[in-house]
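Worksheet for the structure shown next.
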Amino acid sequence: MPLNSGKLISIEGGEGAGKTTVFNAIRQYLGEAGLTVVGTREPGGTTVGEQIRELLLSPDHRIVPEAELLLMFASRAQLVQELIRPALAQGHVVLTDRFTDASFAYQGGGRGLPVAHIEALERDFVGIRPDLTLLLDLGVEQGMARAQSRGQALDRIEQERTDFFLRVRETYLQRAAQEPQRIVIIDASQPQDAVVRQVLTALARWMSA
Ligand code: Z5A
């Protein structure tokens, strides 16, 4: 896919999948290719969105699944209108650490909310899907061990039980099976340099398709 018009690329995966390293590697790769890359993350990415993120991730709150879903989409609606659409209109590449697939995986798969509600929110308040999604896939136990090895306190969602994360992973993989052209599965169980190599190979293939 030639990058001569704005494109949206998302990075997805479970806990400790290594999104941070991959994000930085993609940004550098595309920058060296002469493209303007606008990086962002979800939830968050705008002043309003970052405040919603704090609310969502603070272990101090008990948030019901429906409110959690709506807050994710409130942050996303703000991000799409304030940052993503303008950047795409200028022909930039927007690289985001998570996007709507995460709501299907966490609030749909993990929390068990009806997929039809998430599809309606996506249609009415987002209106765009990534052109390319890199799904960093990793066993749940391995991912949780990595996340814990950071030595930081776990946020509200990271404190969920293993079965929640198993459903999240399963949902991501189902979505990848449904949209193989858009969602590329990366084996994130490998060492960091091997994960980055897989990602950049997938990116190069997509750019030249
Ligand atoms: N969420 C949601 O529920 N619904 C939504 O719609 C959206 C999000 C958009 C915050 O997202 C939470 O919001 C997240 C999903 C939910 N919940 N959880 N749990 P986030 O993306 O900001 O947070 P996160 O998923 O918790 O990010 P993370 O744990 O930081 O994941 P990561 O970025 O993939 O991990 P990392 O920091 O790159 O790596 C973790 C550690 O592993 C670190 O010490 C690395 O050095 C190490 N690492 C990374 N790769 C490797 C390899 N290959 N080998 C060995 N060690 C590695």
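Observations, loosely collected:
- Under the condition of being of a type outside the set (S, T, N, Q) and surrounded by 14 or more Cβ atoms within 10 Å (Cβ to Cβ), the residues counted in region 138-154 number 8.
- Candidates in region 138-156 are the residues that are basic (K, R) and not in a helix (DSSP H, G or I); of these, the one that is nearest to the ligand (Cβ to nearest atom) is R150.
- In region 82-127, the residues that are in contact with a Lys or Arg (Cβ under 9 Å, 6 or more places away or on another chain), among the β-branched types (V, I, T) and surrounded by fewer than 19 Cβ atoms within 10 Å (Cβ to Cβ): V126
- Screening Q142, Q152 for residues that are farther than 23 Å from T46 by Cα and either modelled with pLDDT under 95 or in contact with a Pro (Cβ under 7 Å, 6 or more places away or on another chain) (or both) leaves exactly one candidate, Q152.
- Selection status of I52, part of a helix (DSSP H, G or I), more than 10 Å from the ligand (Cβ to nearest atom) and closer than 21 Å to V22 by Cα: no
- Pairs, first of a type in the set (D, E) in region 139-157, second in a loop (DSSP other than H, G, I, E, B), C-beta under 8 Å, six or more apart: D155/S58; D155/P59
- Enumeration of residues in region 128-164 that are polar (S, T, N, Q) and touching a Lys or Arg at 6+ places or on another chain (Cβ under 8 Å): T133
- Among the residues listed as D193, D163, the single one being over 16 Å from the mean Cα position of the chain (by Cα) and either within 26 Å of R53 (Cα to Cα) or among the aliphatic types (A, V, I, L, M) (or both): D163
- Region 157-209, subset acidic (D, E) and part of a helix (DSSP H, G or I), residue surrounded by the most Cβ atoms within 10 Å (Cβ to Cβ): E170
- Condition broken by P43, with the remaining ones in (1) assigned to a loop (DSSP other than H, G, I, E, B); (2) within 11 Å of the ligand (Cβ to nearest atom); (3) in contact (Cβ under 8 Å) with a residue 60 or more places away in the chain; (4) not polar (S, T, N, Q) satisfied: (3)
- Considering G49, G16, the condition of being in contact with a Leu (Cβ under 8 Å, 6 or more places away or on another chain), at positive phi and crowded, with 20+ Cβ neighbours inside 10 Å is satisfied by G16 alone.
The values are calculated or read from the model by the stated rules, or taken from the named source; none is laboratory data. Source: prediction; values computed, not measured. Positions of Cβ are generated from backbone atoms using ideal geometry, with glycine treated the same way; all protein chains shown enter the neighbour counts.
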